[in-house]
Amino acid sequence: MKSDFWYKVSLKVIPGFVYILAKVLFKTCRITVHNEKYKDQIVARGNHFIGSFFHYGFLYTFYYAQKTSGVVMVSSSKDGEYISRLAEKFGFETVRGSRNRGGMAALKKLIRLMREGRNGGIVADGSQGPARVVQSGIIMLASRTGIPVLPTLWSCNRYVRFNSWDKTIIPYPFSHIQIFFGEPLDVPAKIKSDAFEEYRIILEERLNDMYVQAWKIQGKVEH
């Protein structure tokens, strides 16, 4: 079918184009990092971590974290294939799955890979949202691996915003980006299902407190 043909062509072209554009664009930006001590604490303990971030900022997050080898979970949808290929260009291994399609199998693979010593990355509010509402999969991942969750997000003073469910943003050239790390969350091993919600809420509150702080610096309530 013609639509399948153009989809395959776009998969070969778009991720590579976005990767090159992002590398050039983001190098012009000025960066300020806040609370990097939280990341340093995990490294000092000899641990790796699960980077947790909101979907709106995934592109710059890939760019910033590209020197940190790891594996990220990406939606199994057709749109997710673009993000998966883009993540791989930034040096990440990917596993494919989402809440409604292959999520549990992907989570099991992610657990196995992280137990082998890799850092992990997972979008806290999932591939379909709701925006800034943490999904429980990341809590299961932390519990089953014993690896702490490192909340991470960013804001910037100048950006373009897309009309998507998460209001994805991309910084303009020469903008000032503020990167925030949050207090790591350690989840006990083999917790029961009723405890998932407790830790999910803790992570959601930490990320949203960071979000408010990050955008207050920009003189905004939200992005």
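The values are calculated or read from the model by the stated rules, or taken from the named source; none is laboratory data. The model shown is predicted, which means the values in this text are computed figures rather than measured ones. Because the Cβ atoms are built from the backbone with ideal geometry, glycine has one as well, and the counts that use them run over all protein chains shown.
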Which of the residues that make up segment 90-128 are within 15 Å of the chain's Cα centre (by Cα), farther than 21 Å from Glu204 by Cα and acidic (Asp, Glu)?
Glu93
Return the residue satisfying two criteria in turn: it lies in segment 162-210 and is surrounded by fewer than 16 Cβ atoms within 10 Å (Cβ to Cβ) and among the polar types (S, T, N, Q), and of such residues it is farthest from Asp40 (Cα to Cα).
Asn163
Would you mind stating whether Leu86 is touching a strand residue (DSSP E or B) at 6+ places or on another chain (Cβ under 7 Å) and of a type outside the set (Gly, Ala, Ser)?
no
Taking the condition surrounded by fewer than 20 Cβ atoms within 10 Å (Cβ to Cβ) and touching a residue at least 24 places away in the same chain (Cβ under 8 Å), does Val149 pass?
no
Cross-chain or 6+ apart pairs with Cβ under 8 Å, segment 10-22 first and modelled with pLDDT of 95 or more, then part of a helix (DSSP H, G or I) and of a type in the set (Lys, Arg)
Tyr19/Lys89
Might you let me know whether segment 38-53 holds any residue that is modelled with pLDDT of 95 or more, surrounded by fewer than 16 Cβ atoms within 10 Å (Cβ to Cβ) and not hydroxyl-bearing (Ser, Thr, Tyr)?
no
Suppose we filter segment 204-220 for residues that are in contact (Cβ under 8 Å) with a residue 12 or more places away in the chain, out of contact with any Gly (no Cβ under 9 Å at 6 or more places or on another chain) and not charged (D, E, K, R); how many remain?
7
Look at Lys39 and say whether it is of a type outside the set (S, T, N, Q), part of a loop (DSSP other than H, G, I, E, B) and over 20 Å from Pro173 (Cβ atoms).
no
Of the residues in segment 199-223, those that are charged (D, E, K, R), under 30 Å from Thr145 (Cα atoms) and out of contact with any helix residue (DSSP H, G or I) (no Cβ under 9 Å at 6 or more places or on another chain) come to Glu204, Glu205, Arg206, Asp209
Within segment 54-92, the residues that are under 21 Å from Val13 (Cβ atoms) and either modelled with pLDDT under 90 or assigned to a strand (DSSP E or B) (or both) are Val74, Ser75, Ser77, Lys78, Asp79, Gly80
Qualifying residues in segment 93-124 (those that are out of contact with any strand residue (DSSP E or B) (no Cβ under 9 Å at 6 or more places or on another chain) and in a loop (DSSP other than H, G, I, E, B)) - the one surrounded by the most Cβ atoms within 10 Å (Cβ to Cβ):
Arg99
Of the numbered conditions (1) within 20 Å of Phe162 (Cβ to Cβ); (2) surrounded by fewer than 20 Cβ atoms within 10 Å (Cβ to Cβ); (3) within 13 Å of the chain's Cα centre (by Cα); (4) not charged (D, E, K, R), Ala87 satisfies every one except a single condition; which is it?
(2)
